[in-house]
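Below you'll find the structure, written out as structure tokens, and then a few comments.
The values are calculated or read from the model by the stated rules, or taken from the named source; none is laboratory data. Quick caveat, the model's predicted, so the values are computed rather than measured. Cβ atoms come from the backbone with ideal geometry, glycine included; neighbour counts cover every protein chain shown.
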């Protein structure tokens with residue numbers, strides 16, 4: 001109900017009672033989630049039901065947006081790309097133009113217009129836009145913004161640059177000096193790493209960004225490769241072993257990678273020797289190498305340690321037993337619902353026999369014959 005002024009008479013003296021201040025802030029509309037973005041696309045005639053899923057996945061895979069509380073938040077990369085495209089291809093990114101293109105595609109499908117005519121008009125305009133962009137589009141990768149920071153490695157000034165993962169701090173001495181730092185996303189200020197120190201060498205830790213997000217890294221890289229997650233979980237340190245590398249003679253170390261523990265030479269990256277655990281079976285293909293366990297994103301598999309000279313691999317664990325039916329030089333261990341079996345890997349041979357039951361290995365338990 002609206003407030004109405006009280007009835008007053010001409011010349012009447014009004015008495016002051018009180019001031020009741022009220023403040024209202026204009027709130028921006030809520031950010032899109034998947035449902036509201038699709039609804040907006042439908043309302044403007046952009047895209048079709050068959051392309052909505054591709055649109056939603058593309059803007060996330062290319063890191064133009066990220067999800068926060070179920071809603072899309074534009075990334076720095078997304079904002080830069082959007083500004084450059086709208087500035088240089090304004091008519092293509094006009095909603096009305098895009099909607100009209102969708103209508104033309106429907107008319108082509110219905111046989112109302114010739115697809116050659118429609119495509120000719122589109123490509124002629126696109127060619128002009130590309131030529132204009134080549135001459136006038138800002139080269140973000142070459143832009144540099146000065147800072148007050150000095151590189152702790154070479155003493156040269158550091159500048160803000162732009163890369164695939166957004167802006168970062170880099171030394172002007174590149175490529176002779178490749179020192180970089182991350183910019184704190186929350187405040188927009190440079191993180192110098194003064195509050196974090198490397199527990200191995202004592203040098204400052206700096207904030208960096210990789211394909212899996214932000215992390216702390218020792219400023220002494222590459223001499224010191226210590227890293228630390230933002231949550232405070234320290235990367236496990238290498239464990240020295242008494243065994244020496246057969247290639248260079250340096251000590252081997254136990255390391256912890258994406259796929260678990262492994263043993264490698266301490267002289268990495270000059271020496272890239274990695275010790276693979278053997279299973280006591282000779283390679284059935286070359287008869288010279290030994291079968292070793294290996295790990296991949298899909299799980300554990302087995303292969304010859306002479307790779308790439310010998311490319312023998314198999315998901316099933318090889319058994320040093322010749323197939324009694326077809327003569328194949330080896331059988332493989334498979335885990336079925338009924339339990340483990342020894343099976344011939346020859347697809348034309350159906351030989352199979354049960355093995356004594358034991359606890360299946362996690363990587364192989366989910367695989368079937």
Strands (runs of 3 or more DSSP E) fully within region 282-347 counting 2 or more residues that are under 23 Å from residue 264 (Cβ atoms): 290-296, 299-304
Lone qualifier among 108, 113 - being in the same structural domain as residue 42 (by TED's automatic domain parsing) and closer than 21 Å to residue 44 by Cα: 108
Residue satisfying condition, being assigned to a loop (DSSP other than H, G, I, E, B), under 26 Å from residue 244 (Cβ atoms) and modelled with pLDDT under 80, within set 357, 272: 272
Flag for residue 149 being in contact with a helix residue (DSSP H, G or I) (Cβ under 9 Å, 6 or more places away or on another chain) and surrounded by 11 or more Cβ atoms within 10 Å (Cβ to Cβ): no
Checklist (1) closer than 30 Å to residue 135 by Cα; (2) in contact (Cβ under 8 Å) with a residue 40 or more places away in the chain; (3) in contact with a strand residue (DSSP E or B) (Cβ under 6 Å, 6 or more places away or on another chain) applied to residue 63, failing item: (3)
